[in-house]
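The structure appears right after this line, and notes come after that.
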Amino acid sequence: MSVKTGRDLLLKLDHDNTGNFKSVAGLRSRRIAFNANAADITTTESAGRWRELLQGSGTRSVSLSGRGIFRDDDSSQQVQALFFASQQVPWRLIINGFGQIEAPFHISALEYAGEFNGEMNYELALESAGQVIFSALG
């Protein structure tokens, strides 16, 4: 994969579960992590007492965090409402040159900050809350 700019990761929200995804914020910094926890099946009889993992088991998840500014008041209010309702709705993450991820996400953190002579910004953390569908970009 060639070098990409930070803005090449797009975050979109389907706030009403209609399949209509809209960009909600200008993220100035982003981080996405793919996680896979395996099931440890090591026993006293494992060869050399080395850890053994059960193939095809365990759990997988996606975590996303970012900092930036909301596009508009409507986007800000939608995200706030989802957070306070603990509602899980579909989000779409588009990573140019890599692929697209679509899944229901839980907002695990929503923070606000701002300087006296600057804009108010936010930090957002999302955790996958269901099946994650990955589509490679061709």
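The values are calculated or read from the model by the stated rules, or taken from the named source; none is laboratory data. Everything numeric here is computed off the predicted structure, so don't read it as measured data. No Cβ is skipped: glycine too gets one built from the backbone with ideal geometry, and neighbour counts run over all protein chains shown.
In the range 100-110 there is no residue that is more than 15 Å from the chain's Cα centre (by Cα), loosely packed, with under 14 Cβ neighbours inside 10 Å and of a type outside the set (Ser, Thr, Tyr). Annotation note: Cβ proximity below 7 Å between a residue of the range 84-112 that is within 14 Å of ALA129 (Cα to Cα) and a residue that is of a type in the set (Asp, Glu) and outside any strand (DSSP E or B) (sequence gap 6+ or interchain) occurs for VAL89/ASP14; PRO90/ASP14.
Inside the range 76-98, can you point out the residues that are closer than 17 Å to TYR122 by Cβ and either in contact with a Lys or Arg (Cβ under 8 Å, 6 or more places away or on another chain) or hydrophobic (A, V, I, L, M, F, W, C) (or both)? Walk me through it before giving the result.
The initial filter retains those residues of the range 76-98 that are closer than 17 Å to TYR122 by Cβ, namely 76-84, 91.
Of everything in the range 76-98, those that are closer than 17 Å to TYR122 by Cβ and either in contact with a Lys or Arg (Cβ under 8 Å, 6 or more places away or on another chain) or hydrophobic (A, V, I, L, M, F, W, C) (or both) turn out to be VAL79, ALA81, LEU82, PHE83, PHE84, TRP91.
Of all residues in the range 22-77, those satisfying the criterion of being closer than 18 Å to ALA129 by Cβ, out of contact with any helix residue (DSSP H, G or I) (no Cβ under 7 Å at 6 or more places or on another chain) and buried (at least 16 other Cβ atoms within 10 Å of the Cβ) are ILE32, VAL62, LEU64, SER65, GLY66.
Just one of the listed residues (LEU64, LEU11, LEU54) is among the aliphatic types (A, V, I, L, M), under 15 Å from the mean Cα position of the chain (by Cα) and modelled with pLDDT of 85 or more, and it is LEU64.
Inspection of the range 73-88 identifies no residue that is assigned to a strand (DSSP E or B) and at pLDDT below 95.
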